[in-house]
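**Q** Take a look at the following structure, please.
Taken together, the values in this text are just the output of simple stated rules run on the coordinates, not laboratory data. Here the structure is a predicted model, which means the values were calculated and not measured. Every residue, glycine as well, gets a Cβ built from its backbone with ideal geometry; the counts of neighbours run over all protein chains shown.
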Amino acid sequence: MKRIRPGRIVIWTILFIGGLLMVTPLLFMFSTSFKTAAQVYDLRLIPAAPTLDNYIRVLSDGRFLRWFLNSSFIAITVTLSNVFFDSLVGYTLAKFRFRGRYLIFIAILSTLMIPTEMLVIPWYLMSANLGWLDSYWGIMFPGMMTAFGTFLMKQFFETIPDDFLEAARIDGLNEFTIWWRVAMPLVTPALSALAIFTFLGNWTAFFWPLIVTTSQELYTLPIGLSSFAVEQAIQWEMIMTGAALATLPTLLVFLLLQRYIVRGVMLAGLKG
């Protein structure tokens, strides 16, 4: 048998404790969603009398389904936009030599140093001038393309040998087809990581949707749940039920694609 070193035991113990601390609030959220109002403050992880009444009440509320569909539409649309535009710009900056290329790249990266809170006023004024307030487009347009996604894709595209692209040009393919059919399949880990991070970020977005929307029909799940909490007079069992349902898609995405997340982050670190 392979000898287990004491240092490894300490590392695994620390990781286990850290993981337990992080997952405990999630477990209590799901636990509370199965409790009645009288059991909310009972700290037992397994409810004494579990009930599905909270889920029935939340799912029977048409507003929750509308908020769920709004979040799904916005998160999926912004994710597809990021995958398309960030990869296209990243490919252009990585594989084309033209004057001002580095200046453009630096300008894109410099936007990462600007706090989101400082951009809210320009975004809001732009939305107001263009008539995008209280609309899907008003919610989505700030995140349709990101500097982080452009940087990530550029780093990956730079690892593709130019010989592959030259061979495709000799075969008569145009640049867009080369990008789509040759380069994109070679950076699948980066695309997967970018898509997952973008989806999760937009699914949980709260600050900007709260500012730009006024009608409940356009609320996303985080905004809808916050208003639902006020209307329900802080009925914690209902809040936790809505939060549990909102968490399920993100958990599903993570469980199905976690290997792409880990691989994409590891490769991005190696190429940084």
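**Q** Of the trypsin sites (Lys or Arg not before Pro) in the stretch 44-104, which ones lie in a loop per DSSP and count no more than 15 other C-beta atoms within 10 Å?
**A** On the way: sites: Arg44, Arg57, Arg63, Arg66, Lys95, Arg97, Arg99, Arg101; in loops: Arg44, Arg97, Arg99.
Counting only loop positions with at most 15 other Cβ atoms within 10 Å, the trypsin sites (Lys or Arg not before Pro) in the stretch 44-104 are Arg44, Arg97, Arg99.
**Q** How large is the dipole of the chain about the Cα centre if only Lys and Arg carry +1 and Asp and Glu carry -1, each at its Cβ, rounded to the nearest 20 debye?
**A** 1080 debye
**Q** Using only the alpha-carbon atoms, how far is helix 101-110 inclined from the longest principal axis of the chain? Give it as 0 to 90 degrees, nearest 10.
**A** Taking the Cα atoms of the chain, the angle to 101-110 is about 20 degrees.
**Q** Stretched out fully, how many nm does the piece from Asn129 to Leu109 gain, at 0.36 nm a residue minus the Cα gap?
**A** Numbers: separation 20, 0.36 × 20 = 7.20 nm, distance 2.70 nm.
Taking Asn129 through Leu109 to full extension adds about 4.5 nm, to one decimal.
**Q** Taking the Cα centre of each part, how many Å lie between the stretch 153-227 and the stretch 72-151?
**A** If we compute the Cα centre of each part, the gap is 11 Å.
**Q** Follow-up question, since we're still on this one. Take peptides 172-182, 27-37, 188-198 and line them up by average Cβ neighbours within 10 Å, highest first, as a rough protection proxy.
**A** Working: 172-182: 14.0, 27-37: 17.5, 188-198: 21.2.
Highest mean packing first, the order is 188-198, 27-37, 172-182.
**Q** Can you work out the FRET efficiency for the pair Ser72 and Leu186, with r the C-beta to C-beta distance and R0 = 25 Å, to the nearest 0.05? Provide the component values of the computation, followed by the final result.
**A** Working: r = 30 Å, r/R0 = 1.19.
My answer for the efficiency is 0.25.
**Q** Report the Stokes-Einstein translational diffusion coefficient (µm² s⁻¹, integer) for the chain, Rh taken as the Kirkwood radius over Cα pairs, at 37 °C with viscosity 0.692 mPa s.
**A** Value of D from the Cα-based Kirkwood radius: 150 µm²/s.
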